[in-house]
Amino acid sequence: IDGSGYLERNEIAAAFAASGVIATEDAVDALMESRDLNGDGRLDFEEYVAFATDAEKWQKEQNKKSGQKACTMIIIGRVKAGINMKDVNLNRLFQKFGGGGHAKAASATARLSDENEASTLLQGLVDELIDTSLLKQPTVGDFMTAPVLSAKP
């Protein structure tokens, strides 16, 4: 992360947090102790490759045991240009996943324990977006000049 070519303890903790993994200090310390083979307090490229290979192997074994497939989903939202949706705030909507951006364009990364969770997560986002934007939509009186007359058929 700092460009040194090594991963230090604080960078590993930050990477866990950014990917949605809550790791205690003890867990990060245990990881460093088990993976820092030369004892220099950081992971070099070879140590990282060994860790990543073992982690991938472990994940495949877990997927096989559970019948589930963990995955990462990248969510990208953008309000179409020219559409007036002043009450839509994608930044706020995506912050719950550690993402964000601009009110009209934002992104987030969600770690799913099973890829089948993706549809539920997306439906929840769409429902929340509809609920929050529809509740704040202007009425006819907010944008029409008075008097407004309507005719019954």
(message) So, residue 79, is that one open to solvent by less than 70 Å² (accessible area, probe 1.4 Å), over 17 Å from the mean Cα position of the chain (by Cα) and within 30 Å of residue 103 (Cβ to Cβ) or not?
(response) yes
(request) Within segment 1-45, count every residue that is surrounded by 13 or more Cβ atoms within 10 Å (Cβ to Cβ), in a loop (DSSP other than H, G, I, E, B) and among the charged types (D, E, K, R). (result) 2
(request) Restrict the check to segment 134-142 and report whether at least one residue is at pLDDT 85 or above, open to solvent by less than 80 Å² (accessible area, probe 1.4 Å) and farther than 20 Å from residue 71 by Cβ. (result) no
(message) Here is a check on your reading of the model: is residue 110 surrounded by 15 or more Cβ atoms within 10 Å (Cβ to Cβ), at pLDDT 80 or above, under 30 Å from residue 36 (Cα atoms) and within 20 Å of the chain's Cα centre (by Cα)?
(response) yes
(message) Only one of 130, 74 is open to solvent by 50 Å² or more (accessible area, probe 1.4 Å) and outside any helix (DSSP H, G or I). Can you tell me which?
(response) 74
(request) Give me the pairs, please: first residue somewhere in segment 44-69 and closer than 20 Å to residue 3 by Cβ, second residue anywhere and open to solvent by 70 Å² or more (accessible area, probe 1.4 Å) and at pLDDT 85 or above, beta-carbon distance under 8 Å, and either six or more positions apart or on two chains. (result) 44/6; 44/38; 47/37; 47/38
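The values are calculated or read from the model by the stated rules, or taken from the named source; none is laboratory data. Computed from a predicted structure; not experimentally measured. Note that each Cβ is placed from the backbone with ideal geometry, even for glycine, and that neighbours are counted across all protein chains shown. Just so you know, the surface numbers come from the protein's heavy atoms only, side chains and all, with ligands and any DNA or RNA stripped out. Shrake-Rupley method; radii C 1.70, N 1.55, O 1.52, S 1.80 Å.
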